[in-house]
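**Student:** Just passing along the structure, written as structure tokens.
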Amino acid sequence: MNLTLSRRHFLKAATLAGVGSVLFPREGMSYASSQTEKTSKALAISSANGIRATEKAMQLMRDGKDALDAVIAGVNIVEDDPNDMSVGLGGLPNADGDVELDASVMHGPSHRAGAVAALRNIKNPSKVARAVMERTDHVLLVGEGALRFAKMHGFVEENLLTDESREEWVKWKESLSKEDDYLPPHSIDDLNIGERIKKALQTYGTINCLGLDLQGNISGVTTTSGLAYKIPGRVGDSPIIGAGLYVDNAVGAAGSTGRGEANLANCSSVMIVEYMRQGKSPEEACLLACRRIVEHTKEKRLLDGSGRPNFDVKFYAISRKGEHGSASIWSNGKYVVNDGGGSRLLDCAFLYERPSKK
Ligand code: GLY
């Protein structure tokens with residue numbers, strides 16, 4: 001295909017549609033949208049580790065910034081924090097001791113998305129994901145290619161493994177045997193395989209942040225170091241549009257944290273947005289996505305003694321009307337909401353009460 005021609009046609013079509021030739025204004029510039037109406041109140045929500053992220057996002061949106069600028073700046077605080085072991089600098093590494101990061105961004109007004117997976121040595125994968133969205137015709141870059149692309153755009157490589165994360169990895173290495181993610185050869189119908197894997201010990205640290213700005217536009221970001229001590233190259237749900245993040249400016253947005261494999265097999269974020277399109281509230285939509293995962297979880301190694309998933313996932317959603325909600329499979333989950341009065345932790349709705357610890 002003649003790329004030059006196709007690009008010219010694209011720009012011509014964009015101009016005719018009134019979008020203008022600058023499709024992606026630089027950070028801080030506002031986006032016009034024909035689909036939305038201005039709202040009097042901005043909204044930012046996030047996973048429970050996003051108190052600082054939602055504060056920052058709200059501050060920027062109150063100053064009139066686009067929701068995408070706001071949510072990315074918010075999660076960058078957590079990515080930059082060496083003491084947070086769930087994302088960015090200081091994230092828990094893979095089984096070889098290398099930190100591999102996944103992230104996605106999605107911009108409601110343009111319905112464009114960008115993502116990176118298994119990215120090493122760059123502490124802000126969310127910013128690289130944005131660059132993929134704005135500076136390529138692609139949505140997802142992975143591994144070595146993602147790193148080369150990031151360096152081409154001036155991102156600086158650094159060692160992301162802090163002493164604290166390295167020591168945690170060494171502890172894991174030293175007690176390995178029962179905790180790896182490999183399964184022996186088995187029939188696909190065998191639901192009993194791999195029961196020795198100790199799922200309870202697994203950590204899926206992630207931050208999801210969604211924003212509705214004063215223009216009435218919605219954007220979101222999900223960023224993570226993924227499953228701790230994962231098989232190198234493992235990619236979770238966070239960088240997969242429709243799974244770890246989805247935005248439809250006319251409806252709302254959803255994102256996730258928790259066991260990415262369960263979400264990847266169910267594409268829950270796009271499902272949640274579709275439930276909201278059908279009239280469900282954000283909380284109802286998140287609960288329905290949890291319910292779907294429960295229905296689809298069949299392998300015994302993933303079930304508790306009562307046949308319920310022995311893992312958790314959490315979903316977060318906002319609607320274009322400014323409603324918000326969150327749900328998880330198991331109780332005691334929290335999420336952060338900031339609608340202008342400071343960031344506060346709220347309880348997630350849930351399907352099952354966690355058994356009390358004796
Ligand atoms: N939800 C994050 C992950 O599974 O990588």
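**Student:** Within 13 Å, Cβ to Cβ, of Ala57, how many net charges do the neighbouring residues add up to if Lys/Arg are +1 and Asp/Glu are -1?
**Tutor:** -2
**Student:** Alpha carbon centre of the range 86-164 versus the range 309-344: separation in Å?
**Tutor:** 25 Å
**Student:** Let me check I've understood the local charge: for Ala265, count other residues with C-beta under 13 angstrom from its C-beta, Lys and Arg +1, Asp and Glu -1. What total comes out?
**Tutor:** -1
**Student:** Kirkwood Rh, Cα Rg: Rg to Rh for the range 66-171? Intermediate results must be reported in sequence, preceding the final value.
**Tutor:** Details: Rg = 13.7 Å, Rh = 13.9 Å.
Across the range 66-171, the Cα-based Rg/Rh ratio is 0.99.
**Student:** Here's another thing I want to ask about it. Please work out how much length the chain gains when fully extended from Glu164 to Ser331, using 0.36 nm per residue of separation minus the C-alpha to C-alpha distance, in nm with one decimal.
**Tutor:** The span from Glu164 to Ser331 would gain 57.2 nm if fully extended.
**Student:** Within 10 Å, count the other beta carbons around each residue, average over each peptide in 97-107, 57-67, and list them highest first.
**Tutor:** Those peptides, ordered most packed to least, come out 97-107, 57-67.
**Student:** Any idea how far apart His138 and Glu295 come out in nm if each label point goes 7 Å out from Cα toward Cβ?
**Tutor:** 3.6 nm
**Student:** Of Lys41/Lys298; Lys151/Lys280; Lys173/Lys300; Lys65/Lys151; Lys127/Lys314, which ones are farther than 32 Å apart at the Cα?
**Tutor:** Lys41/Lys298; Lys151/Lys280
**Student:** Using mean Cβ contacts within 10 Å as the protection proxy, how do 143-156, 68-81, 332-345 order, highest first?
**Tutor:** Top of the packing list down: 68-81, 332-345, 143-156.
**Student:** Another question, if that's okay. Just round it to a whole percent: the fraction of Cα-Cα distances in the range 201-301 exceeding 21 Å.
**Tutor:** Values: 1714 of 5050 pairs.
Everything past 21 Å amounts to 34 percent.
Any read-out appearing in this document is the output of simple, stated calculations on the displayed coordinates, not a laboratory observation. Keep in mind the model is a prediction, meaning the values are calculated, not measured. For neighbour counting, all protein chains shown are included, and Cβ atoms are generated from backbone atoms with ideal geometry for every residue, glycine included.
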